[in-house]
Amino acid sequence: MGTAIGPVIIGMILSILGLSNMKGNISSVHWYHRKRVTEENRLPFGRMIGLGTVICGFSLVIFGCLSFAAEKTQIDIFIIIGSVILVVGLVTGLAMSLYAIIKYNKGVF
């Protein structure tokens with residue numbers, strides 16, 4: 001259970017931050033990116049960054065739950081499925097966040 005609780009807690013925190021971003025509160029985003037987003041693009045930027053963060057968070061929660069199931073049942077397929085979900089979720093969420101930064105900030109830097 002010790003190895004499963006960490007990803008679940010981190011995933012829940014990321015999901016809460018992502019939902020906050022989706023409502024237009026982009027205070028958890030780096031100041032440089034907040035400064036470069038115009039006021040009319042603030043909500044779409046927050047929604048896209050937030051959705052990417054929520055996807056990353058949910059994939060961590062699912063991975064943690066499947067890790068717990070693998071720990072209790074001694075069936076390793078849960079770890080494999082959880083790892084695939086984690087990688088796909090993290091790549092998708094980070095790609096969405098990077099796309100939002102490039103689109104609404106006119107570049108990464």
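Got a number for carbon plus sulfur as a percent of the chain's accessible area, 1.4 Å probe? Show your work: numbers first, answer last.
Details: 4880 of 6520 Å².
Heavy-atom surface of the chain belonging to carbon and sulfur, 1.4 Å probe: 75 percent.
Using just the helices of the chain, give the 222 nm mean residue ellipticity in deg cm²/dmol: DSSP H runs with n ≥ 4 each add -39,500 (n - 2.57), and the total is spread over all residues, rounded to 500. Can you show the working numbers first?
On the way: 4 runs with 88 residues, N = 109.
For the chain, the value works out to -28000 deg cm²/dmol.
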Item to complete: Per residue of region 26-37, in order, report the coupling 6.51 cos²θ - 1.76 cosθ + 1.60 (Karplus, θ = phi - 60°) as ³J(HN,Hα) in whole Hz, putting x for Gly and Pro.
Response: 9, 5, 7, 7, 3, 4, 4, 6, 5, 5, 8, 8
Worksheet entry | For the chain, convex hull volume per residue from C-alpha positions, Å³ | 82 Å³
Worksheet item: S83: accessible area at probe 1.4 Å, nearest 10 Å²?
Response: 50 Å²
Item to complete: Let me know the volume per residue of the alpha-carbon convex hull for region 54-100, in Å³.
Response: 36 Å³
Fill in: Accessible-area value, I55, 1.4 Å probe, nucleic acids and ligands omitted, Å²
50 Å²
Worksheet entry | Accessible solvent surface per residue of the chain, calculated while the other protein chains remain in place, 1.4 angstrom probe, Å² | 60 Å²
Worksheet item: Between region 76-104 and region 4-72, what is the C-alpha centre distance in whole Å?
Response: 11 Å
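So how do M48, M12 rank on accessible area, 1.4 Å probe, biggest first, that is with the largest at the start? It would help to have the intermediate numbers written out before the result.
Numbers: M48 45, M12 105 Å².
Descending order: M12, M48.
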Worksheet item: Going toward the positive end of the dipole of the chain, with +1 on Lys and Arg Cβ and -1 on Asp and Glu Cβ, which of G82, F58, G6 do you reach last?
Response: F58
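The values are calculated or read from the model by the stated rules, or taken from the named source; none is laboratory data. All figures in this text were calculated on a predicted structure; none of them were measured in a lab. Using ideal geometry, Cβ is built from the backbone for each residue, glycine included, and neighbour counts are taken over all protein chains shown. The accessibility values were calculated without ligands, DNA or RNA, using every heavy atom of the protein model including side chains. Shrake-Rupley method; radii C 1.70, N 1.55, O 1.52, S 1.80 Å.
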